[in-house]
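Take a look at the structure set out below.
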Amino acid sequence: MNTSVFLLALSFLPFFEARNQAANFIIAPPAEGVEAKAEKPDMTGYTICPACVGKRELLLEEPDFGQHDGRLLGGSKKKRKKCPLCKGEGRFASFMDPADITLQIARDHETFVAEHRGKGELSVGEAFVPHDAYESLDRNKKKMIEEAFGKACTKCNWSGIEACKKCSGRGVLPCPENDCKNGFLVTKTTTEKTRRRSGGMSGNNGYNRNSGFRSSSGSRTKTIKETKTTVLVCPTCEGAKFVLCPECNGRKAHPCKKCNGLGIKKKGGGF
């Protein structure tokens with residue numbers, strides 16, 4: 001189930017067009033006050049909390065591991081509480097899935113290329129220039145045009161973000177507590193109890209096969225092991241079964257380290 005909530009209008013086309021416009025200023029400088037501002041679309045939004053599925057609270061039902069002997073079927077304890085994973089918000093802020101962004105960028109770039117080729121324009125690096133202007137370009141100007149448009153960062157491919165490696169872009173991790181079972185901490189403790197009975201010495205070195213007691217100096221002892229099961233809400237995940245990823249704090253991704261979040265190679269394309 002996709003738990004991300006984002007606008008469907010996410011598009012990188014304006015970003016590519018603005019970069020192309022800036023690159024063409026090398027050929028025909030803009031009028032005073034005119035500029036091409038290349039801004040990537042807002043890739044942030046919200047992720048529906050996987051613990052409460054947007055309901056803002058959890059219904060915790062204590063599982064039966066034999067901790068209450070003789071309890072009637074269906075008599076398990078139930079408790080409602082504010083979801084600890086999303087703090088009762090039902091969602092948390094995050095980036096869009098980096099894989100979805102990569103797909104969107106590929107589609108928008110394909111559209112960008114198709115539209116400019118359809119106009120008969122020619123490519124100079126990633127940029128496109130009018131056919132007539134192309135003929136007058138020398139090597140120097142072509143290089144300036146290429147650098148003005150820039151090249152995609154090889155790690156994030158224009159997006160400026162990369163998926164968090166620790167949580168593989170999910171934003172959450174399963175509860176790290178080893179004994180946590182579906183939000184509950186199940187522990188078993190075994191204790192030994194010794195019972196004594198007074199009485200005389202018996203045969204077979206003081207051991208009575210029928211009772212299991214061993215006698216010594218007029219007393220008989222028997223050791224019994226008892227196992228107690230304790231079920232409590234897990235103190236680590238507080239019943240949510242998940243914890244926010246400590247690396248991205250639930251945001252699924254972080255700014256690309258290779259390009260410092262610019263989305264382009266550091267050399268050239270300086271905006």
Cut-off is 10 Å between beta-carbons; in what order do Thr187, Thr227 appear when sorted fewest neighbours first?
Thr227, Thr187
Residue by residue through the range 91-101, the couplings from Karplus 6.51 cos²θ - 1.76 cosθ + 1.60 with θ = phi - 60°, in Hz, x for Gly and Pro, are 6, 8, 5, 7, 7, 5, 4, x, 5, 5, 5
Run the reach check for Lys252 against lysines, Cα to Cα strictly under 22 Å, same-chain hits fewer than 8 apart removed. What comes back?
Lys40, Lys55, Lys87, Lys155, Lys165, Lys166, Lys241
What is the fewest-to-most order of Lys55, Lys37 by other Cβ atoms lying within 10 Å of their Cβ?
Lys37, Lys55
tail above 17 Å in the computed P(r) of the range 123-188, as % of all Cα-Cα pairs, reads 66
Under 5 Å from the placed amide H of Leu122, counting only residues 5+ away or on other chains, we find Val129, His131
Using a Förster distance of 35 Å, the FRET efficiency for Thr44-Asp132 (Cβ separation, nearest 0.05):
0.25
Please give every one of the aspartates and glutamates within straight-line cross-link reach of Lys82, meaning a C-alpha to C-alpha distance under 19 Å, and leave out same-chain neighbours fewer than 8 residues apart.
Glu57, Glu61, Glu62, Glu238
Inter-part gap, Cα centre of the range 123-170 to Cα centre of the range 23-55, in whole angstrom, is 16
Taking Thr47, Thr236 and counting other beta carbon atoms within 10 angstrom, the fewest-first order is Thr236, Thr47
Hey, what do the phi angles of the range 25-32 turn into as Karplus ³J(HN,Hα) couplings, whole Hz, using 6.51/-1.76/1.60 and θ = phi - 60°, x for Gly and Pro?
5, 5, 7, 10, x, x, 5, 4
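Read-outs throughout are calculated quantities, based only on the coordinates presented, and are distinct from any laboratory measurement. As the structure is a computational prediction, the values presented were derived from the model and not from experiment. In this analysis, Cβ positions are derived from the backbone assuming ideal geometry, glycine residues included, and neighbour counts consider all displayed protein chains.
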